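Below is one structure, written out as structure tokens; the observations come after it.
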Amino acid sequence: MTNKATLSVHAGTRQDTVSGGVNTPLIASSAHDYLNQPEVRYPRYFNTFNQQVVVEKLCALEQAEDGLLMSSGMAAISLLLVGTLQHGDHAVFVEGIYGGTQDWAIGELAARGIEFDFVPLDSNAIDAACTDRTRLIYVESPTNPLIDVLDLAAVAGIAQARGILSAIDNTFASPILQNPIALGIDCVIHSGTKYLGGHSDLCCGAILGSQELIRSLRPKAYRYGGSINAQCAALLERSLKTLALRVQRQSDNALHIAQALDTMDGVDQVYYPGLTHHPGHRIAARQMSGFGGMLSFRLAPDIDPEACLRRLEIIAPAVSLGGVETTICQPVQTSHAKISRQECERLGITPQLLRLSVGIEAAEDLAIDLRRAIRAQ
Ligand SMILES: *Cc1c(COP(=O)(O)O)cnc(C)c1O
């Protein structure tokens, strides 16, 4: 089994020996026998039956050896940062990473005596920022909200040459479209709240990598907690069975919509790596098997963004992303609300910029909804 569609459905699934059902049984106990079992199972030891099944499926999809299922994406990110960085260390982050991660680094690292730099999304800039105390290179690709792309094989090469751990938040691409471990990156993080859950009704996360890395993180994971219960794990397993199907459709839809927006009256610019004029197109085509379900576009100056959002009939203005339903947001009001206007301007994030998380609806319906809302027809 190597095909992602097959792995999404079957990897990790355990036989239901009680009734012969085709699904993994849900074993909800948090208390387990310790006298007659080789290993005591407990949710916060990350070793209950339903947790393990999902880890197995995610490892198969990400080509990882082991992983930990967490209660949110930020729980996974926090664990990685507290588990790999110590007083006196240095870390390199790229600009444009998830706001919560940026906030974590700024709010927590200095207080722990850990130095860090944010550098532009470019492998040469990353290399130049590394010192002999650098222990972690932390990246995202594609990024939010301009869907910029970073050459991951180049980043992995830099990290390996210097003996530094490399990690990526792979939430936007999902394991279906991008496998950073196969490109040489050491650790993959997901906010499972997004594509992995996929129905905007779960909050979870995952950290995946080598057995050695995950083993080194376990003591901190036990101390800090951040595990999920069996019901959430089972719901996530159910959701993951359609991951390949959903993401493929979302990616196909996004390309269709990006092309429609690219020539639409009232749209000044479209940011989507599937468009040949996108600066990251060639790298994305090389390291991803599809361009993803996320895209942004800039409205013409005479269009009021909020009025445009209110005219939409199918597409819902909402935060978060990755669900089966298409959602839209204005980053200056949502993901970048806490960032100064000047900094937003510097990054190209103006009030005219809108971000779409494309769902699985008929692409044509979505394009019509956008066209009507943009020009108030
Ligand atoms: C949402 C998100 C996170 C945080 O995940 P939570 O599940 O909300 O904690 C991290 N990274 C990216 C790219 C995200 O979109």
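The values are calculated or read from the model by the stated rules, or taken from the named source; none is laboratory data. The model shown is predicted, which means the values in this text are computed figures rather than measured ones. Counting neighbours? That spans all protein chains shown, and the Cβs are built from the backbone with ideal geometry, glycine included. Quick note on the areas: whole protein, heavy atoms, side chains included, nothing else; ligands and nucleic acids left out. Shrake-Rupley method; radii C 1.70, N 1.55, O 1.52, S 1.80 Å.
Can you tell me which residue within region 112-162, out of those that are among the aromatic types (Phe, Trp, Tyr) and within 16 Å of the ligand (Cβ to nearest atom), is surrounded by the most Cβ atoms within 10 Å (Cβ to Cβ)? Going through the qualifying residues, I end up with 138. Outside any loop (DSSP other than H, G, I, E, B), surrounded by 16 or more Cβ atoms within 10 Å (Cβ to Cβ) and out of contact with any Pro (no Cβ under 9 Å at 6 or more places or on another chain) - does that describe any residue in region 276-290? No, there is no match, as no residue in region 276-290 is outside any loop (DSSP other than H, G, I, E, B), surrounded by 16 or more Cβ atoms within 10 Å (Cβ to Cβ) and out of contact with any Pro (no Cβ under 9 Å at 6 or more places or on another chain). In this structure, residue 70 does not satisfy being open to solvent by 40 Å² or more (accessible area, probe 1.4 Å), within 16 Å of the ligand (Cβ to nearest atom) and under 24 Å from residue 170 (Cβ atoms). Scanning region 204-217 turns up no residue that is surrounded by 15 or more Cβ atoms within 10 Å (Cβ to Cβ), more than 23 Å from residue 53 (Cβ to Cβ) and modelled with pLDDT of 95 or more. Note down all Cβ pairs under 7 Å where the first residue falls in region 26-40 and is in contact (Cβ under 8 Å) with a residue 24 or more places away in the chain and more than 19 Å from residue 16 (Cα to Cα), the second is of a type outside the set (Gly, Ala, Ser) and open to solvent by less than 100 Å² (accessible area, probe 1.4 Å), and they're at least six residues apart or on different chains. From residues that are in contact (Cβ under 8 Å) with a residue 24 or more places away in the chain and more than 19 Å from residue 16 (Cα to Cα), the pairs are 30/42; 30/43.
Among the residues of region 80-100, count how many are within 12 Å of the ligand (Cβ to nearest atom), in a helix (DSSP H, G or I) and either open to solvent by 30 Å² or more (accessible area, probe 1.4 Å) or modelled with pLDDT of 95 or more (or both). Residues in region 80-100 being within 12 Å of the ligand (Cβ to nearest atom), in a helix (DSSP H, G or I) and either open to solvent by 30 Å² or more (accessible area, probe 1.4 Å) or modelled with pLDDT of 95 or more (or both): 2 in total. Scanning region 168-187 for residues that are hydrophobic (A, V, I, L, M, F, W, C), within 19 Å of residue 212 (Cα to Cα), more than 12 Å from the ligand (Cβ to nearest atom) and open to solvent by less than 10 Å² (accessible area, probe 1.4 Å) yields 185, 187. Looking across region 67-93 at every residue that is in contact (Cβ under 8 Å) with a residue 60 or more places away in the chain and in contact with a Lys or Arg (Cβ under 8 Å, 6 or more places away or on another chain), the one that is nearest to residue 203 (Cα to Cα) is identified as 73.
Mind telling me which of the residues 324, 247 ends up being within 16 Å of the ligand (Cβ to nearest atom), over 19 Å from residue 372 (Cβ atoms) and not polar (S, T, N, Q)?
Answer to the check: 247.
Of the helices (runs of 4 or more DSSP H) lying entirely inside region 129-243, those containing at least 1 residues that are out of contact with any His (no Cβ under 7 Å at 6 or more places or on another chain) and under 22 Å from residue 356 (Cβ atoms) are 174-177. Give me the residue from region 259-275 that is touching a residue at least 24 places away in the same chain (Cβ under 8 Å) and β-branched (Val, Ile, Thr) and, out of that set, surrounded by the most Cβ atoms within 10 Å (Cβ to Cβ). Step by step, filter region 259-275, then rank; the result is 270. Does residue 62 satisfy the condition of being open to solvent by 70 Å² or more (accessible area, probe 1.4 Å), within 22 Å of the chain's Cα centre (by Cα) and closer than 29 Å to residue 172 by Cβ? Judged against the criteria, residue 62 is not a match.
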